[in-house]
Amino acid sequence: MATATSRRAAPAAAALKERKALASELLDINRKLAPQFARMSQIEARLKQIATEQGESFKEDFGGLGYVSASGAVAAEFKGEVPEVQTEAWLALKPAERKQLEKTGIIKVVKQYGRATTGKVTVKVL
């Protein structure tokens, strides 16, 4: 079982070589396409601006080629006041006090999980 102080074995040399080659290829492709990516960002910004000005989202359909959709900026919206439990105060309560608050329905203890991720790749062209 891994612990906070466990050490992992270094990756195999072949895996490191493949990783380096793929990363280098990805960087080269991004460098070559940098002007197109910059133009894409300009177009996306303008489409968002158009949607904001028109006050509605839109979708331009190009049949079998695909579609482009855009939605405009939306300001933060006040949805009301919501009670928030102070974790430190809750943990300082005696178990009987916690149980009483749960019994009244004021507090409901639910399990929380970190969100799953599929990972990500970030490329920065310099």
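Summary of computed values
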{"read-out": "Helix 13-54 axis, angle to the chain major axis (alpha carbon atoms, nearest 10°)", "value": "90"}
{"read-out": "By accessible area with a 1.4 Å probe, ligands and nucleic acids excluded, highest first: order of 28, 61", "value": "61, 28"}
{"read-out": "Span from the segment 61-79 Cα centroid across to the segment 99-119 one, whole angstrom", "value": "33"}
{"read-out": "Top positive-direction residue, dipole computed over segment 1-114 with Cβ charges, set 100, 67, 80", "value": "100"}
{"read-out": "Mean separation of Cα contacts under 8 Å, 6 or more apart, over the residue count of the chain: relative contact order %", "value": "23"}
{"read-out": "For segment 35-103, accessible area per residue (1.4 Å probe, heavy atoms of protein chains only), Å²", "value": "91"}
{"read-out": "MRE, 222 nm, helices only [DSSP H, n ≥ 4, -39500 (n - 2.57), over the chain, to nearest 500]", "value": "-16000 deg cm²/dmol"}
{"read-out": "Selected from 113, 57, 35, residue furthest toward positive end of dipole (the chain; charges at beta carbon)", "value": "113"}
{"read-out": "5 Å-binned pair-distance histogram of the chain (Cα, whole percent)", "value": "2, 6, 7, 8, 9, 11, 10, 9, 10, 12, 9, 5, 1, 0"}
{"read-out": "Charged-residue dipole, Cβ positions (Lys, Arg, Asp, Glu), the chain about Cα centre, Debye nearest 20", "value": "820"}
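The values are calculated or read from the model by the stated rules, or taken from the named source; none is laboratory data. Keep in mind that this is a model prediction, so the values were computed, not measured. When we count neighbours, we look across all protein chains shown, and the Cβ atoms used for this are built from the backbone with ideal geometry, even at glycine. To get the accessible areas, we keep the full protein, side chains included, count just its heavy atoms, and leave off ligands, DNA and RNA. Shrake-Rupley method; radii C 1.70, N 1.55, O 1.52, S 1.80 Å.
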